[in-house]
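The values are calculated or read from the model by the stated rules, or taken from the named source; none is laboratory data. This one's a predicted model, so the numbers in the text were calculated from it and none came from an experiment. Using ideal geometry, Cβ is built from the backbone for each residue, glycine included, and neighbour counts are taken over all protein chains shown. What goes into the accessible areas is simple: the full protein's heavy atoms, side chains included, and nothing from ligands, DNA or RNA. Shrake-Rupley method; radii C 1.70, N 1.55, O 1.52, S 1.80 Å.
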Amino acid sequence: MDHSEEIHMPKRTIVLIPGDGIGPEVTVAGRRVIEAAGLDVHWEVLPAGAAALEQGFDNVLPEQTVDAIRTHKVALKGPVTTPVGKGFKSVNVQLRQRLNLYAAVRPVRNLAGVKTRYEGVDMVIVRENTEGLYSGIENEIVPGVVTSLKVASETACTRISRYAFRYANRRHRRKITVFHKANIMKLSDGLFLKCARKVHEEEYPNIEYDELIIDAGCMKLVQNPGVFDVLLMENLYGDLVSDLCAGLVGGLGVVPGSNIGDDAAVFEAVHGSAPDIAGKGFANPLAVIMSGVMMLNHIHEEATGQRIKKAYDVVLAKGTTLTRDLGGTASTDQFADAIIAEL
């Protein structure tokens, strides 16, 4: 057989969930940048969110989308809309529960060309993703009195602690700080601390370890975020603090996000689907591109990820081809083209 006629089989399959609103525009841009950087990939494009309902599925997270992520173990996801008040459970919550994506990991750093009040911010928030108050166990005890149950298990607390220390070790991070409220929630947050201390002492004594009561921790984040490295916390605290930290460096449009388990990982833009600007061609694809870099690191394509990271750093520093949210006039495609030109 003539070698020129051989069918090229891509090295890797990745599930791509375009989402809705600006999702399809920014994921196309992210896909173009990743391919231009040299990743040999086949994208399996599947729906979630409002787009899934529009395509005739009866759930915002179709079974075939979940199955594909199980099979290929990695997905890149645009923002999705879960219709409010229609009885549908959030796509993100379903993904975390169905695929046991127990670690939400969000790196936050200052970017050249993105003006903020702070400099020298470079930290990673590691959030437990499966329990705490987000277990959704609520009861009305008597009329007018409700309780919400905060769940903490030794298994989940140890698992997320080990993940954070392993991440810090592999990424040459120096220190982990646990935010907690164990002075009030002595059993639940106390268990989280006990598990984190045990992993530190027995497995990773080389990493510095610190604990802060969360209210004091939030104050210190605002006073001097540069002193923090890796932050580890349970579900609710992690949800609040990861958005707070995104605000320190310019907002959700300039930070990546990921939900990682032992058998699968979903990398996603954590900003909203912004239906008001959908289809206008000026949404910023940076968060999806940055999440793509995290994905490349996860699948051991670090060199490709590093090329993209250097390229978008250059584009941001030059400041001549920025999207509207960053003070420029470039379209989604023009911004992606500028990054591709720097690869």
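Only one entry of G217, G251 meets the criterion of being under 22 Å from E131 (Cα atoms) and of a type in the set (G, A, S), and that entry is G217. Take the conditions modelled with pLDDT under 95, more than 23 Å from G132 (Cβ to Cβ) and of a type outside the set (S, T, N, Q) and apply them to P62. Does it pass? In short, no. Just so you know, in region 71-89 the residues that are of a type in the set (K, R) and within 22 Å of T13 (Cα to Cα) include one that is least open to solvent (accessible area, probe 1.4 Å), and it is K77. For A196, are the conditions met, namely being more than 28 Å from G226 (Cα to Cα), in contact with a strand residue (DSSP E or B) (Cβ under 9 Å, 6 or more places away or on another chain) and assigned to a helix (DSSP H, G or I)? So A196 fails the test. Would you mind stating whether V45 is open to solvent by 10 Å² or more (accessible area, probe 1.4 Å), at pLDDT 95 or above and not acidic (D, E)? For V45, the condition - open to solvent by 10 Å² or more (accessible area, probe 1.4 Å), at pLDDT 95 or above and not acidic (D, E) - is met.
For region 268-321, the set of residues classified as modelled with pLDDT under 95, in contact with a strand residue (DSSP E or B) (Cβ under 7 Å, 6 or more places away or on another chain) and over 19 Å from A103 (Cβ atoms) consists of F282 only. Scanning region 85-94 turns up no residue that is within 18 Å of the chain's Cα centre (by Cα), among the polar types (S, T, N, Q) and at pLDDT 95 or above. Consider I141 carefully, then state whether it is at pLDDT below 95 and over 21 Å from G261 (Cα atoms). No. In region 158-186, the residues that are within 19 Å of V108 (Cα to Cα) form Cβ pairs under 6 Å with partners that are part of a strand (DSSP E or B) and hydroxyl-bearing (S, T, Y), at six or more places apart or across chains, as follows: I176/Y209. Determine which member of the set A37, A68, A51 is open to solvent by less than 30 Å² (accessible area, probe 1.4 Å) and modelled with pLDDT under 95. Exactly one of A37, A68, A51 is open to solvent by less than 30 Å² (accessible area, probe 1.4 Å) and modelled with pLDDT under 95, namely A51.
Rundown of residues vs (1) open to solvent by less than 30 Å² (accessible area, probe 1.4 Å); (2) over 23 Å from N139 (Cβ atoms); (3) touching a Lys or Arg at 6+ places or on another chain (Cβ under 8 Å), yes/no style:
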{"position": "L149", "(1), (2), (3)": "no, no, no"}
{"position": "S153", "(1), (2), (3)": "no, no, no"}
{"position": "A156", "(1), (2), (3)": "yes, no, no"}
{"position": "M185", "(1), (2), (3)": "no, no, yes"}
{"position": "F192", "(1), (2), (3)": "yes, yes, no"}
{"position": "K198", "(1), (2), (3)": "no, yes, no"}
{"position": "E201", "(1), (2), (3)": "no, yes, no"}
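Say we look at region 302-343 and pick out the residues that are of a type in the set (S, T, Y) and either open to solvent by 40 Å² or more (accessible area, probe 1.4 Å) or in contact (Cβ under 8 Å) with a residue 24 or more places away in the chain (or both); which of these is farthest from T27 (Cα to Cα)? Applying the filter and picking the extreme gives T320.
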